[in-house]
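Read the structure below first, then the notes.
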Amino acid sequence: MTNYLIKNGNLVNEGVVQKADLLIQEGKIVRIAGVIEATAEMQVIDATGKYVIPGMIDDQVHFREPGLTHKGDIASESRAAVAGGITSFIEQPNTVPNAVTQELLEQKYEIASSKSYANYSFMMGGTNDNLDELLQTNPRNVAGIKLFLGSSTGNMLVDRQEVLEKIFSSTSMLIAVHAEDEATIQANLQQHKEQYGEDIPVECHPIIRSEEACYISSSKAIELAKKTGARLHVFHVSTGKETDLFRNDIPLKDKKITAEVCVHHLWFTDKDYETKGNFIKWNPAVKKESDREKLWEALLDGRIDVIATDHAPHTKEEKAKAYTQAPSGGPLVQHALVSLFEAKKQGRITVEKIVEKTAHNPAILFQIEKRGFLKEGYHADIVLIDPNNSWEVNQNNILYKCGWSPFEGETFSSKVTHTFVNGCLVYENEEVKEIRCGQRLLFER
């Protein structure tokens, strides 16, 4: 393997920005110091004026393989991810077939072992009748268990209270939930269909998938976790009301109930439906500006622990359909970090906080082994970002298989220039190299 010396960078780690050099050997960070002298066997990368950060660990993506590969696949979407500074991902089970048996779960790991540009893990999916399979999940090499408490893409709704209680009380593994109340959503949808037919205006999406639907479901899940002692992680919190359900008075490592926010809920509001239409149709829905502000507040004060993408590509043709036929979800991995750096430029968040929420905290929350920090002995999953290199998102530079981005036409003032995965330089100056160094994530539990 090539040994790399990253010189003169602004290293961001554990709340500190320091100008230092960093040496990578055999895929690991072996030394961090003020000055490290270069030798002939090192490839030197000058990071003057750039931030050097641990790669983002995205705890929620949908890469669509197997079964939905016309939208995206592990190779195409992990390729876009490393271009965006994401070095590890945790993928969800609502592929086709759903990953709800140990055999199907391991098939996904097998695919990723030869295809993925980034490090990978896959969630085991829960259903109303697969508890025996769930309990066989290995906590050492599987990120957790995923439950859909509201139906989204796929058919994995877990809606029987006795089943939920059994799952919550039977496993010590992290349980991640999509929390939207199905009965509330269906009642709202029926009401809008009576008014509009199938062609409901997309502006109604946050009314159909309402604040109430989110709050009912997430509060019930939290109540159940408290009752059973389960380890609960609530995905894509989207309402201000929900943020009050979470704590910030204890360290993350001691929390039994944690929360995630996604970049699209931090960026878009319901005002954007007018111009973006179904291209910002997500579940849960993008809601009011007041919700967005409260999400930022909770993120910064520690009630929300991590930032993720919920990357979920669909084709343009699928998105162009009428509201009731158009699927929810959108591609985000290539543009998540730069959107956060744009928020930094606007004064919303610091670079130290970006690193905490995208790298440190996912590693702590999932107990990921030796990743998520710039530390000697850790895997060299490293990203260089130039904060003064503006560029526009357009058709020529979008890497998603689906070929579009909700950020199309946006100008970002920061650019990812280099991405290392396990010490391999997989992305450099707008070029993804045909190097697949991704490894299966391991967990210290």
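The values are calculated or read from the model by the stated rules, or taken from the named source; none is laboratory data. This is a predicted model, so every value here is computed, not measured. Here Cβ is always computed from backbone atoms with ideal geometry, including for glycine, and neighbour counts include all displayed protein chains. For the accessible areas, the whole protein counts, side chains as well, though only heavy atoms, and no ligand, DNA or RNA atoms are used. Shrake-Rupley method; radii C 1.70, N 1.55, O 1.52, S 1.80 Å.
Structure summary
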read-out	value
Filter result (under 19 Å from the mean Cα position of the chain (by Cα) and of a type outside the set (D, E, K, R)) within the stretch 399-427	Leu399, Tyr400, Cys402, Trp404, Ser405, Pro406, Phe407, Val416, Thr419, Phe420, Val421
Residue match in the stretch 73-80 (condition: farther than 21 Å from Val234 by Cβ, of a type in the set (Gly, Ala, Ser) and either in a loop (DSSP other than H, G, I, E, B) or touching a strand residue (DSSP E or B) at 6+ places or on another chain (Cβ under 6 Å) (or both))	no
Qualifying positions in the stretch 29-40 - without any contact (Cβ under 8 Å) to a residue 60 or more places away in the chain and surrounded by 11 or more Cβ atoms within 10 Å (Cβ to Cβ)	Ala33, Ile36, Ala38
Some residue of the stretch 174-189 being among the hydrophobic types (A, V, I, L, M, F, W, C), out of contact with any helix residue (DSSP H, G or I) (no Cβ under 6 Å at 6 or more places or on another chain) and surrounded by fewer than 22 Cβ atoms within 10 Å (Cβ to Cβ)	yes
Enumeration of residues in the stretch 50-91 that are free of Cβ contacts under 8 Å to residues at least 60 places away in the same chain and under 17 Å from Gly144 (Cβ atoms)	Glu91
Number of positions in the stretch 315-353 that are assigned to a loop (DSSP other than H, G, I, E, B) and open to solvent by 60 Å² or more (accessible area, probe 1.4 Å)	7
Check on Asp249, without any contact (Cβ under 8 Å) to a residue 24 or more places away in the chain and in a helix (DSSP H, G or I)	no
Selection count, the stretch 46-71, where residues are open to solvent by less than 10 Å² (accessible area, probe 1.4 Å) and on the phi < 0 side of the Ramachandran plot	12
Conditions (1) without any contact (Cβ under 8 Å) to a residue 60 or more places away in the chain; (2) farther than 21 Å from Thr411 by Cβ: number failed by Ala298	(1)
Answer residue from the stretch 391-422, given it is in a loop (DSSP other than H, G, I, E, B) and in contact with a strand residue (DSSP E or B) (Cβ under 6 Å, 6 or more places away or on another chain) and is surrounded by the fewest Cβ atoms within 10 Å (Cβ to Cβ) among those	Asn422
Ala230 being among the aliphatic types (A, V, I, L, M), under 25 Å from Glu91 (Cβ atoms) and either open to solvent by 10 Å² or more (accessible area, probe 1.4 Å) or touching a residue at least 12 places away in the same chain (Cβ under 8 Å) (or both)	yes
Candidate set from the stretch 423-435 (those that are crowded, with 19+ Cβ neighbours inside 10 Å and out of contact with any strand residue (DSSP E or B) (no Cβ under 6 Å at 6 or more places or on another chain)); member that is nearest to Lys344 (Cα to Cα)	Leu425
Filtered residues of the stretch 98-130 (kept if of a type outside the set (Asp, Glu), under 26 Å from Ala213 (Cβ atoms) and surrounded by fewer than 23 Cβ atoms within 10 Å (Cβ to Cβ))	Asn98, Val100, Thr127, Asn128, Asn130
Complete set of residues in the stretch 362-372 that are in contact with a helix residue (DSSP H, G or I) (Cβ under 6 Å, 6 or more places away or on another chain), of a type outside the set (D, E, K, R) and open to solvent by less than 20 Å² (accessible area, probe 1.4 Å)	Gly372
Unique residue being of a type in the set (D, E, K, R), assigned to a helix (DSSP H, G or I), open to solvent by less than 10 Å² (accessible area, probe 1.4 Å) and modelled with pLDDT of 95 or more when the list is Glu223, Glu242, Glu260, Glu274	Glu242
Cross-chain or 6+ apart pairs with Cβ under 8 Å, the stretch 1-28 first and of a type in the set (Asp, Glu) and open to solvent by 30 Å² or more (accessible area, probe 1.4 Å), then assigned to a loop (DSSP other than H, G, I, E, B) and modelled with pLDDT of 95 or more	Glu14/Phe373; Glu26/Gly423
Hits in the stretch 117-126 - residues which are small (Gly, Ala, Ser) and either farther than 28 Å from Val158 by Cβ or part of a helix (DSSP H, G or I) (or both)	Ala118
